[in-house]
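J.: First, the structure itself, so that you have it in front of you.
The values are calculated or read from the model by the stated rules, or taken from the named source; none is laboratory data. Since the model is a prediction, treat every value here as computed from it, not as a measurement. Glycine gets a Cβ as well: all are built from the backbone with ideal geometry, and neighbour counts include every protein chain shown. When the accessible area is computed, the model is the full protein with side chains, heavy atoms only, and any ligands, DNA or RNA have been set aside. Shrake-Rupley method; radii C 1.70, N 1.55, O 1.52, S 1.80 Å.
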Amino acid sequence: MDAKDILGLPKNALPIQEKKSKPPKESQRKPDGISREVYALTGGLAPLMPAVDVNQLKRKAQSDNEKITWQWLPFTNSARKDSLQLYHWVRVVNGIPPTGDYSFAKYNKSVDVLKYTDEEYEKYLTDPAWTKEETDQLFDLCERFDLRFIVVADRFPSSKTVEELKDRYYSVSRAILIARALSPGDVATHPLVKETYNASQETERKRALNLLLSHTKQQERKDVEVLAQAKKISEARKASKASEESELPVLSDIGSLGADKATADTVNPSTNSQIPSSSITAPVSETASVIASLRMLRVYLRSYALEQMVQAASSSAGLRTIKRVEQTLQDLGVNLKPKVPTKAVCAEHLELRKEILTLLNLQKQLQYKEAEGSSFREGSYTETPGTPPKQQSLRAADLDRTFTPDSLSIGGERFGKREQKRKGPAPSSPAQSKRPRKYKASD
Amino acid sequence: MAQTVENDVQLEGNATESNLKPQRLKITRFSDDSDKKILLKRLKDVEISVPIVYGTIAFWLGRKATETQSHKWTVYVRGATNEDLGVVIKRAVFQLHPSFNNPVRVVESPPFELSECGWGEFEIAISLFFHNDVCEKQLDLYHHLKLYSEDESGPQSTKKPVVVETYNEIVFPDPSEDFYARVQKHPAVIVPRLPVTINLPSVLATNVEDLNEKRGDTKDHPLSQWFNNFSEADELLKLAAARQQVGPLTS
């Protein structure tokens, strides 16, 4: 209300306007030519461009000079092998029924499966893995089922894979074609001859597709991460190569590009290594590319450099994780952006951030494992021994509590990361006595 | 610093007594369209950093304040230890609000500062241009001019200014030999010692102070009493403490 006063708008303006617009709308709803309900289908309003020419609608039937009747007549289908006679409605114009074949007969296409004679078989088509009967059966099925190999594979008496069937069919057909051809040049353009079927490649391809389809969400995420990293590295490499090449002539090119390649190559193996260790090697490769890009600037501010490094280090983390890192920093009393960004301070800051990131990741993985563990326990109650999982879950809960940076009374509880599924003696005592190793990676 | 090992194609590490061949040099040539080619030897794996502080100090004019000129403020870029930045910076360009006359102010010599009177707060763009042997590219900084203090405690004082300073370090990742030689011993610049002794052309450091001209350093600057002391010790301590807390949890 106050807003309207401030704006100077009349308070009752809107309701009045609404009422006014309604009556004119009502009067507009009188279409000619089509009934009101049909008109309402278009939305109740006249379209901008008349979609339907209203005049044409009623008149069309009247202006015809011909007489149209509909008759129930018999017909035959040339696509059928028997001479079955069926009946259907036919539009008869001026007493003359329509001529021509059944309109759908033209769609009856079939595949031209080659037929070989016995001599041809003896001469060209023998194969150690296939008997003549099998080959005959194969071809018969192919013809019956129009080369639908899945169906053929189903119906094939002895079990052979789809790829094997396809391989046999295509190689036989190819051999026949070539044998029958008067000159090799004639059939060279035939698709059967031009392209050969590669059974092993096909099996590989299908297997890979299956793998891809059955990827879990985690794997997909990891793939995307690795691809993103690879892209970043190649872009950094390209950028450094481009600017290097623009400045340096050929002489020093050898030297610098050699060095460049050395760094790039050391970066490459680290990214190509297994995904599990990516949590450690990825930051190394990312900071290397950041350093390279910073070098290209020739001059930069240390705070900017730190920003870039922080971004690179947290590139694998989602927005929420980054926020949590920042929250942790604040809880620890550390400025999100150092007030005095010297070289040492920036290095420490970066390391701290990385450590917090690792910490948060560990916590997350711990939660996952716990969830998995609990679902396992619910599922296979008889399998897992009673006590160890319980102990492990307790310790996991403890771990969770101690990870909060506020409650830092770690005391003697130094737990290493243990798998939930590890069976055997409860690992509580070894954990306390052994100094746990630095966490490497998740599996 | 990057840990790349470079084997320079042309120069070998043959150390003789009179002629220590440089081992870690990369020769870059800047070729213009003309035939002129400047040979600039650059040092890899050496990074020269210049700690600077830039910001504004604003005084309320009190009785002398008018509608359009309520505050007198100074924007500046100084060395973090108040040393002379003239060794590195050739000139500084301060870009003021367009409502100012000639909003682009160029300062050709240290101390790189600019004073003005005004009433409004706005963002000042500071562009630093370096000497030819230092860097061809300019560096841009941005600073928001603050005239009014955070706490609204009572009336403004003409004695206590509003000071906003930012510490940062200008980093030159691949400094040229000449630049290195020139600033090796200069207090305004942080230069790491090269592990391999490199025979650099000995440059007579020209002391601006000796020339009886305007001083470039800000040690006795009239406003120096308001300068903040940026010590990394405090921050380092906090960071170390934090890392102490987080570190063990991740092991």
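J.: Mind ordering A:81-89, A:236-244, B:100-108, A:314-322 by average Cβ neighbours within 10 Å, highest first? All intermediate terms of the calculation are to be shown ahead of the outcome.
T.: On the way: A:81-89: 8.6, A:236-244: 16.2, B:100-108: 12.3, A:314-322: 14.6.
In descending order of packing, they fall as A:236-244, A:314-322, B:100-108, A:81-89.
J.: Which FRET efficiency value, to the nearest 0.05, do you get for residue A:105 and residue A:83 by plugging their Cβ-Cβ distance into 1/(1 + (r/R0)^6) with R0 = 22 Å?
T.: Details: r = 13 Å, r/R0 = 0.60.
Here the calculated transfer efficiency is 0.95.
J.: Got a number for the accessible area of residue A:130? Probe 1.4 Å, square angstrom, nearest 10.
T.: Near enough 20 Å² of accessible area.
J.: Summarise the accessible area of region A:102-216 (1.4 Å probe, protein heavy atoms) by the percent that is carbon and sulfur.
T.: Carbon and sulfur: 54 percent of the exposed surface of region A:102-216.
J.: Given B:41/B:185; A:343/B:159; A:343/B:44; A:81/A:194; A:222/A:369; A:160/A:206, which pairs have Cα atoms separated by over 26 Å? Don't jump to the answer; show the numbers that get you there.
T.: Values: B:41/B:185 19 Å; A:343/B:159 36 Å; A:343/B:44 18 Å; A:81/A:194 35 Å; A:222/A:369 18 Å; A:160/A:206 16 Å.
The pairs that break the limit, which is 26 Å between Cα atoms, are A:343/B:159; A:81/A:194.
J.: Once you put a point 7 Å from the Cα of residue A:239 and another 7 Å from the Cα of residue A:220, both along the Cβ direction, what distance in nm separates them?
T.: Modelled inter-label distance: 3.0 nm.
J.: Might you work out the accessible area of residue A:296 for me, using a 1.4 Å probe with all protein chains in place, and round it to the nearest 10 Å²?
T.: 60 Å²
J.: Would you please give the FRET efficiency between residue A:201 and residue A:317, computed as 1/(1 + (r/R0)^6) with r the Cβ-Cβ distance and R0 = 45 Å, to the nearest 0.05? Before the final figure, lay out the partial values.
T.: Details: r = 40 Å, r/R0 = 0.88.
E between residue A:201 and residue A:317, to the nearest 0.05, is 0.70.
J.: Total accessible area buried between chains A and B, 1.4 Å probe, in Å² to the nearest 100? Before the final figure, lay out each step's value.
T.: Details: alone 32660 and 16410 Å², together 44510 Å².
By this definition, chains A and B bury close to 4600 Å².
J.: Averaged over A:144-156, how many beta carbons belonging to a partner chain fall within 10 Å of each residue's beta carbon?
T.: Values: counts 0, 0, 0, 0, 0, 0, 0, 0, 0, 0, 0, 0, 0.
Across A:144-156, the average partner-chain Cβ count within 10 Å equals 0.
J.: Just by accessible area at a 1.4 angstrom probe, what is the order of B:113, A:235, A:286 from largest to smallest? Intermediate values should be presented prior to the final figure.
T.: Values: B:113 55, A:235 95, A:286 15 Å².
Descending accessible area places them as A:235, B:113, A:286.
J.: Run the simple label-point estimate for residue A:228 and residue B:109 please: 7 Å along Cα→C-beta, distance reported in nm.
T.: 5.3 nm
J.: Same structure, new question: On average, how many beta carbons from a partner chain sit within 10 Å of the beta carbon of a residue in A:301-311?
T.: Mean inter-chain Cβ contacts per residue within 10 Å come to 3.
J.: Taking the Cα atoms of region A:118-205 alone, what are Rg (to one decimal) and Dmax (as a whole number) in Å?
T.: 13.4, 38
J.: With a 1.4 Å probe and all protein chains kept in place, how do A:127, B:220, B:84, A:101 rank by accessible area, largest first?
T.: From most exposed to least exposed: B:220, A:101, A:127, B:84.
J.: Further, regarding this structure: How many Å² of accessible area per residue for region A:118-205, probe 1.4 Å?
T.: Working: 5470 Å² over 88 residues.
Per residue, region A:118-205 has an accessible area of 62 Å².
J.: To the nearest whole number, what is the average tally of beta carbon atoms from other chains within 10 Å of the beta carbons of peptide B:51-59?
T.: Working: counts 5, 1, 1, 0, 0, 0, 0, 0, 0.
Per residue, the average neighbour count from other chains is 1.
J.: So what is the diffusion coefficient of region B:101-183 in µm² per second by Stokes-Einstein at 10 °C and 1.306 mPa s, using a Kirkwood Rh over Cα pairs? Each step should come with its number before you reach the end.
T.: On the way: Rh = 16.1 Å.
Rounded, D is 98 µm²/s.
J.: Calculate, in nm to one decimal, what residue B:233 and residue B:193 gain on full extension: separation in residues at 0.36 nm each, minus their alpha carbon distance. Mind showing how you got there, number by number?
T.: Numbers: separation 40, 0.36 × 40 = 14.40 nm, distance 2.18 nm.
That pair, residue B:233 and residue B:193, stretches by 12.2 nm at full extension.
J.: Once you put a point 7 Å from the Cα of residue A:209 and another 7 Å from the Cα of residue B:123, both along the Cβ direction, what distance in nm separates them?
T.: It is 5.3 nm.
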